[in-house]
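Chemist: One structure follows; several queries about it will come next.
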Amino acid sequence: MKHEIDCIVNDQAHHLTVASHETLLCMLREQLGLTGAKNGCATGECGACSVLLNDEVVNSCLVLAVEADHATVVTVEGLADEGELSTLQQSFLDHSATQCGFCTSGMLVAATALLKQASRPDVNAVRAGLAGNLCRCTGYDDIVKAIMAASRARRT
Amino acid sequence: MTTLRKSNIVGRPFARVEGQRRLTGTARYVDDLDFGPELLHARIVHSTHPHAELLHVDITQALAVPGVFLLLTGADVPGMLGQQLHDRPVLAQTRVRYAGEPVAVAVAATSEAAERAAGLVTVTYRDLPGVYDLAASLAPAAPLVHVDGMGYDRAAHVAPVPGTNIAHHTLQERGDVRAGLAQAAVVVEHTYRASSVLHVAMEPHGGVAQMDDNGQITLWASTQAPFAKRDLIAQALGLGPERLRMVTPFVGGGFGGKTHVSIEALLVALAMRLPGRPVKLVLSRLEDFSSTFRRPGLQAEVKVGATADGLLTAVEARYIWDAGASADAVIDLAYAAALAGAGPYRVANVSIESDVVYTNQPVAAPMRGNGMAEVHWAIEQQMDRLAAALRIPPVEFRLRNALRGGDAIGGGRVMHATGLDQCIRRAATGLRTTKAPAKARMTRRGRGLAAMWSPVFGGRGATAAAMLQLAPDGRVVVSLGGIDTGQGLYTIAVQLVAATLGVSAEAVKMAPSDTGRSPAALPAADSPLTWSAGNAVLKAAQHLRAQILDIAAQQWNEAVGSLDIVDGFVVSHASTKMAALAEVAYGMEPSSQIAPPQLLTGEGVFTAAPSAESDGSYRPISHFSTGAQAVEVEVDLETGEVDVLQLVSAFDVGHALNPDLVLSQMKGGAMQGLSTTLFEQLQFVDGIARNPGFLDYRVATALDLPQTLDAVIVEVPQDDGPYGARGIGEHSLVPTAPAIANAIYDAIGVRVSELPITGESVWRAIQTQLVPEKES
């Protein structure tokens, strides 16, 4: 069965027709061509598909596209401002916090939410905030350091 | 080392050249490529039986599913895969040898239809007795995994033992191991085991293949080794390699799991039957876990002797590798283990057997470390046991025996200059002073260290090539066969080109990897790329530079010696003339729209110098990487839980071309080491994987980070490395497991001999090895 939905993705309004079983991840990747969110497991275990749904981090592989009706979605593609990296993205680049990059989109989205929720997260809060996002390359340390540095940069 | 230009780019932190794309979601991995509405989807039917005859594969119901285009079974694709030993069918033929083996494949217009069709393939099995661990496989009269194994095509050095499940036997000896053991004041003998772990790249295996009207096939795939795979696929399917072109988009990690052919041959076979249509196959996480590659299991029987002064006299070891249903990918690993299996130490008498054994389990392929992590798990605990028996501090014991430049290491080889001793010292002293635990009663802290070495091979196919083209707009385009799987190869290449040529890093662009265009390179395995591809890039840049300077010298009627290239301009120190590179090369302004007749091209080929080997080995060693790690752990005496509080890595990288990338490799490797040591194990019951998913197969999360994760760069230059550099990526998890085990021993006095080290295994070790502590 098909459904008509309206949603705002990365500040752009969309009217879309989605199937009942279609996931938000599928909608983003296949209908909108936003392939930044990755399909790492399709079961909500790896976090590579993390996006913001009404400012909350969700695994978009576990959310149905119809649930995005009248919602605001932010993907990794929506984090940079007119081609200029966000403070967090620049900090990831400066701290060598991306290697293969497959988890990076989800990490950035999770970190963005983390810094929205807590203005001064300590290192343990940052680690806990990333617990749902698996990374096999970096060992997380550079990612945590990048987020801590971004949070300091933002305060000044 | 050739004399190189001083540089403000090489040897300094430099952000990843493709970082921005990875950080903005615009980096395209294979599943992100758009093939339009013509795209077809494939789904594999996997064997559900670990060892059985295939009586019948019925595809009639599957063919009736609406939208289905094609079903293939083993009868349609008879080829065998193998580089050195052709022991793996593309699709199962008359029997299946592991649960998860591809039996058939369905292609349909949608992935849902392909899935439905795959589910309707009916396979009739007749079960055969199987061998599900090394003991069963090596037992007398064990069922054979490959009854016709002796008939397989194989390279001359592959040595199967007839009538057994031993697919390959190797033996490396030097000195007289019996005499060496007889000389020893103390001998320790013990058996260690490492069970199967998985590579777990975050990006699952996947690809797309398409054949054009001329019969040319293009395969886009997530791979670490496009050239080697192209040749293997072509051979298995009976194609000329010139018909197959491999394009490698962004790769989401590999760690060895994407070095060997997994689904790619199947994809090409499908594309050949569906002319014009792109066919896509991306594995689910479940399939990625249960039907691609796993790290080989190891049983290590190791006997080591030393004098009362703590000098090693002999190492006698037998390394037995559980290769699963195909041994091909483990043959080089077994050889490396035989060569390096005594550890990074001076020892005159060595005998090492290294055997590759079939079992009815998924196919093994080397993971990061190429067997060295598994071998050092055993050898580095043995060193600690010897040190304890001799009452010599473990660090001191290692320093007394550590290899130095000039030491004989067997086969006529001599160790090159190495920073091994520095690594051991820096790792040990890198541990910080910590406060004693608050609730000291039921927890104990301890510190441990392990050292490592790892051979980097320069033999078969150890040639890397690079090509640079000067574009009319002044940019320099670099084509390289090696793959950046995230380790930073392309960044290093850009740094080397910019520094050598004399242009800004922004002017250097990496061309996508394409076997139709890129020159060949070693796979991104054994960490050879910084060294091999780096050298090729360096030579190509020198070649291009020389041509540009020659042209300028002629045009300006000046001596080449008075010319230089600075920041993209040829400058003359004699006449103070100055012109942009493209202007010199093509006689035009950089902004000109007119294409020059022919682009100026720099080519570089690097071939490792033959090593001083006298054993006629099929795979000569180029050099060794060395390093050490030290850890502090806290062990809970009640639960056996182990918490790694701090971890320090120190590796000799020759020269860090990009210190940030080197430190990232060390830290990332250390955490992968921690994860594979404490958490990871693919568990099987009678050949069936029980935990094929992230929920039940745990990998480290950010919460598992030690309080401090430090890394130290040691630099003893590699004489034939670019700017003296050696690779690092592969080596950075090798000592982690034994360092943790040694720290546990330091904390509570028990030894764990089997990986992974779990709370349960430590608790059991406490119950069996410790006399009850008296209350004080």
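Chemist: Give the calculated FRET efficiency between B:T768 and A:A153 to the nearest 0.05, with a Förster radius of 51 Å applied to their Cβ-Cβ distance. Mind showing how you got there, number by number?
Modeler: Details: r = 53 Å, r/R0 = 1.04.
Efficiency for this residue pair is about 0.45.
Chemist: Ignoring ligands, DNA and RNA, what accessible area per residue does region A:2-78 give at 1.4 Å, in Å²?
Modeler: Per-residue value: 42 Å².
Chemist: What's the magnitude of the charge dipole for region B:654-732 around its Cα centre, counting Lys and Arg as +1 and Asp and Glu as -1 at the beta-carbon? Answer in Debye, nearest 20.
Modeler: Magnitude of the dipole: close to 220 debye.
Chemist: Which net charge results when you count Lys and Arg as +1 and Asp and Glu as -1 among the other residues whose beta-carbon is under 12 Å from that of A:A113?
Modeler: -1
Chemist: Find the sum over both chains of the accessible area lost when A and B are paired, probe 1.4 Å, and report it in Å² to the nearest 100.
Modeler: Chains A and B together bury approximately 3700 Å².
Chemist: For chain B, with the dipole built from +1 on Lys and Arg beta-carbon atoms and -1 on Asp and Glu ones, taken about the Cα centre, which of B:M211, B:I59, B:V177 lies farthest toward the positive end?
Modeler: B:V177
Chemist: Take every Cα pair under 8 Å in region A:87-153 that's 6+ residues apart, average their separations, divide by the length, and report that relative contact order as a whole percent. It would help to have the intermediate numbers written out before the result.
Modeler: On the way: 66 pairs, mean separation 34.9, N = 67.
RCO, region A:87-153: 52 percent.
Chemist: Rolling a 1.4 Å sphere over the protein heavy atoms, what is the accessible area per residue of region A:87-153, to the nearest Å²?
Modeler: Accessible surface, normalised per residue, equals 29 Å².
Chemist: What's the local net charge at B:A109, with K and R +1, D and E -1, over the other residues with C-beta under 15 Å away?
Modeler: 0
Chemist: Provide Rg and Dmax in Å for region A:87-153, with only Cα atoms included in the calculation.
Modeler: 10.3, 29
Chemist: Roughly how crowded by other chains is peptide A:89-96, in terms of the mean Cβ count from those chains within 10 Å of each of its Cβ atoms?
Modeler: Rounded to a whole number, the mean comes out at 6.
Chemist: Taking a ≥ b ≥ c as the square roots of the Cα gyration tensor eigenvalues, with a/c under 1.5 meaning rounded and otherwise prolate when a/b beats b/c, else oblate, which class fits region B:468-581?
Modeler: On the way: a/c = 2.53, a/b = 2.41, b/c = 1.05.
Prolate shape, in that a/c is at least 1.5 and a/b is the bigger ratio.
Chemist: Going by a 1.4 Å probe on protein heavy atoms, which residues of region A:114-139 end up with at least 30 Å² less accessible surface in the whole assembly than in their chain alone?
Modeler: Those are A:R127, A:A131, A:L134, A:R136, A:C137, A:G139, which lose 30 Å² or more relative to the chain on its own.
Chemist: Next up: Which of the helices in chain B, when you take each full DSSP H run, stretch at least 30 Å along the axis at their Cα atoms and have an average Kyte-Doolittle score of -1.0 or higher?
Modeler: Result, helices passing both filters: B:529-556.
Chemist: On to the next question. How much FRET efficiency would the formula 1/(1 + (r/R0)^6) give for B:A159 and B:Q93, where r is the Cβ-Cβ distance and R0 is 30 Å, rounded to 0.05?
Modeler: 0.75
Chemist: For region A:1-49, calculate the relative contact order in percent as a whole number, restricting contacts to Cα pairs under 8 Å that are 6 or more residues apart.
Modeler: 23 percent
Chemist: Tell me which of A:Q89, B:P241, B:G534 sits at the most positive position along the dipole axis of the protein assembly as shown, charges placed on C-beta atoms (Lys, Arg +1; Asp, Glu -1).
Modeler: B:G534
Chemist: Residue by residue, what Karplus-based ³J(HN,Hα) values in Hz, rounded to whole numbers, does region A:16-27 have, using 6.51, -1.76 and 1.60 with θ = phi - 60° and x for Gly and Pro?
Modeler: Going residue by residue, I get 10, 9, 10, 7, 4, 8, 6, 7, 4, 4, 4, 4 Hz, with x marking Gly and Pro.
Chemist: At a 1.4 Å probe, which residues in region A:38-63 are at least 50 Å² less accessible with all protein chains present than in their chain isolated?
Modeler: Buried by the other chains: A:E45.
Chemist: Once neighbouring chains are kept in place and the probe is 1.4 Å, which whole percent of the accessible area of region A:2-78 is contributed by carbon and sulfur? Kindly include the intermediate steps, with their values, before the conclusion.
Modeler: Details: 1570 of 3250 Å².
Taking all protein chains in place, region A:2-78 shows 48 percent carbon and sulfur surface.
Chemist: For B:V560 paired with A:D69, estimate the spin-label separation in nm (one decimal), with each label point 7 Å from Cα along the Cα-to-Cβ line.
Modeler: 7.4 nm
Chemist: Amide H neighbours of A:L64 under 5 Å, at least 5 residues apart or on other chains, H built in the peptide plane: list them.
Modeler: A:L24
Chemist: So between B:R273 and B:D643, what do we pick up on full extension, going 0.36 nm a residue minus the alpha carbon distance?
Modeler: Working: separation 370, 0.36 × 370 = 133.20 nm, distance 5.41 nm.
Between B:R273 and B:D643, full extension yields an extra 127.8 nm.
Chemist: Report the net charge of residues surrounding B:S195, where surrounding means a beta-carbon distance below 11 angstrom and charges are Lys +1, Arg +1, Asp -1, Glu -1.
Modeler: So the surrounding residues net to -2.
Chemist: Name the shape class, rounded, prolate or oblate, that the alpha-carbon gyration tensor gives for region B:376-482, where a ≥ b ≥ c are the square roots of its eigenvalues, rounded holds for a/c under 1.5, and otherwise prolate holds if a/b is larger than b/c and oblate otherwise.
Modeler: oblate
Chemist: For a test of the definition: using alpha carbon positions, the gyration tensor, and the 1.5 limit on a/c, classify the protein assembly as shown as rounded, prolate or oblate.
Modeler: Rounded is the answer for the protein assembly as shown, as its axis ratio a/c remains below 1.5.
Chemist: Give me the percent of the accessible area of region B:241-320 that comes from carbon and sulfur atoms, probe 1.4 Å, all protein chains in place.
Modeler: Carbon and sulfur: 54 percent of the exposed surface of region B:241-320.
Chemist: Just to verify a number: FRET efficiency for B:L703 and A:H21, C-beta to C-beta distance, R0 = 30 Å, to 0.05?
Modeler: Given R0 = 30 Å and the Cβ-Cβ separation, E is 0.35.
Chemist: What number, rounded to the nearest 500 deg cm²/dmol, is the helix-based mean residue ellipticity at 222 nm of chain B, given -39500 (n - 2.57) per DSSP H run of at least four residues and division by all its residues?
Modeler: The helix contribution divided over chain B gives -8000 deg cm²/dmol.
Chemist: Just need the relative contact order of chain B here, percent rounded to a whole number, with Cα pairs under 8 Å and 6+ apart.
Modeler: Once divided by the residue count of chain B, the mean separation gives 15 percent.
Chemist: Length gain on complete extension for the stretch B:D58 to B:R12, per 0.36 nm per residue less the alpha carbon to alpha carbon distance?
Modeler: 10.5 nm
Chemist: Helix A:141-155 versus the longest principal axis of chain A: what is the Cα-based angle in degrees, 0 to 90, to the nearest 10?
Modeler: 90 degrees
Chemist: Place a point 7 Å from Cα of B:A408 in the direction of its Cβ. Which residues in region B:298-323 have their backbone N less than 20 Å from it?
Modeler: Counting only backbone N, you get B:305-307, B:311-317.
Chemist: Taking amide H positions as placed in the peptide plane 1.01 Å from N, state which residues far from B:A711 in sequence (5 or more) or on other chains have amide H under 5 Å from it.
Modeler: The answer is B:S649.
Chemist: In whole percent, and with a 1.4 Å probe on the protein chains, what portion of the accessible area of region A:87-153 is carbon and sulfur?
Modeler: C and S atoms contribute 53 percent here.
Chemist: Tell me the trypsin sites (Lys or Arg not before Pro) within region B:376-449 that lie in a loop according to DSSP and have at most 14 other beta-carbon atoms within 10 Å.
Modeler: Listed in order of number, the matching sites are B:R391, B:R404, B:R432, B:K435, B:K439, B:R441.
Chemist: Quick check: the distance between the Cα centres of region B:352-375 and region B:548-575, to the nearest angstrom?
Modeler: 55 Å
Chemist: Please report, in Å, the Rg and the Dmax of region A:2-78, where both are computed over Cα atoms only.
Modeler: When restricted to Cα atoms, region A:2-78 yields Rg and Dmax of 10.9, 30 Å.
Chemist: Quick one: Karplus J couplings for region A:106-112, per residue in order, coefficients 6.51, -1.76, 1.60, θ = phi - 60°, nearest Hz, x for Gly and Pro?
Modeler: Ordered by residue, 3J(HN,Hα) equals x, 4, 5, 5, 4, 5, 4 Hz.
Chemist: Among the listed pairs A:K38/B:K280; B:K509/B:K577; A:K145/B:K667; B:K258/B:K539; A:K2/A:K116; B:K509/B:K539, which have their C-alpha atoms separated by more than 24 angstrom in this model? The partial results should precede the final answer.
Modeler: Numbers: A:K38/B:K280 16 Å; B:K509/B:K577 27 Å; A:K145/B:K667 12 Å; B:K258/B:K539 28 Å; A:K2/A:K116 35 Å; B:K509/B:K539 17 Å.
From the list (A:K38/B:K280; B:K509/B:K577; A:K145/B:K667; B:K258/B:K539; A:K2/A:K116; B:K509/B:K539), the Cα-Cα distance tops 24 Å for B:K509/B:K577; B:K258/B:K539; A:K2/A:K116.
Chemist: With point charges of +1 on the Cβ of Lys and Arg and -1 on the Cβ of Asp and Glu, referenced to the Cα centre of the protein assembly as shown, which listed residue (B:T124, B:L647, A:A146) lies farthest in the positive direction of the dipole?
Modeler: B:L647
Chemist: Over chain B, how many percent of alpha carbon pairs lie in each 20 Å bin up to the one with the longest distance?
Modeler: 16, 47, 31, 6, 0
Chemist: A further question on this structure: Quick check for you: with a 1.4 Å probe and neighbouring chains kept, what is the accessible area per residue of chain B, in Å²? Please list the in-between numbers first.
Modeler: Details: 27580 Å² over 776 residues.
I get 36 Å² per residue for chain B.
Chemist: About its Cα centre, what dipole magnitude does region A:2-78 give when the only charges are +1 on Lys and Arg Cβ and -1 on Asp and Glu Cβ, stated in debye to the nearest 20?
Modeler: My answer is approximately 260 debye.
Chemist: List for region B:5-41: residues with 30 Å² or greater reduction in accessible area, all protein chains versus chain alone, probe 1.4 Å?
Modeler: Residues losing area: B:A15, B:R16, B:Q20, B:R22, B:L23, B:T24, B:G25, B:Y29, B:D31, B:D32.
Chemist: Calculate the dipole size of region A:87-153 relative to its Cα centre from +1 charges on Lys and Arg beta carbons and -1 charges on Asp and Glu beta carbons; express the result in debye to the nearest 20.
Modeler: The calculated dipole for region A:87-153 is roughly 140 debye.
The values are calculated or read from the model by the stated rules, or taken from the named source; none is laboratory data. For clarity, every value in this text was computed on a predicted model and none was experimentally measured. Cβ atoms come from the backbone with ideal geometry, glycine included; neighbour counts cover every protein chain shown. Only protein heavy atoms, including side chains, enter the accessible area calculation; ligands, DNA and RNA are left aside. Shrake-Rupley method; radii C 1.70, N 1.55, O 1.52, S 1.80 Å.
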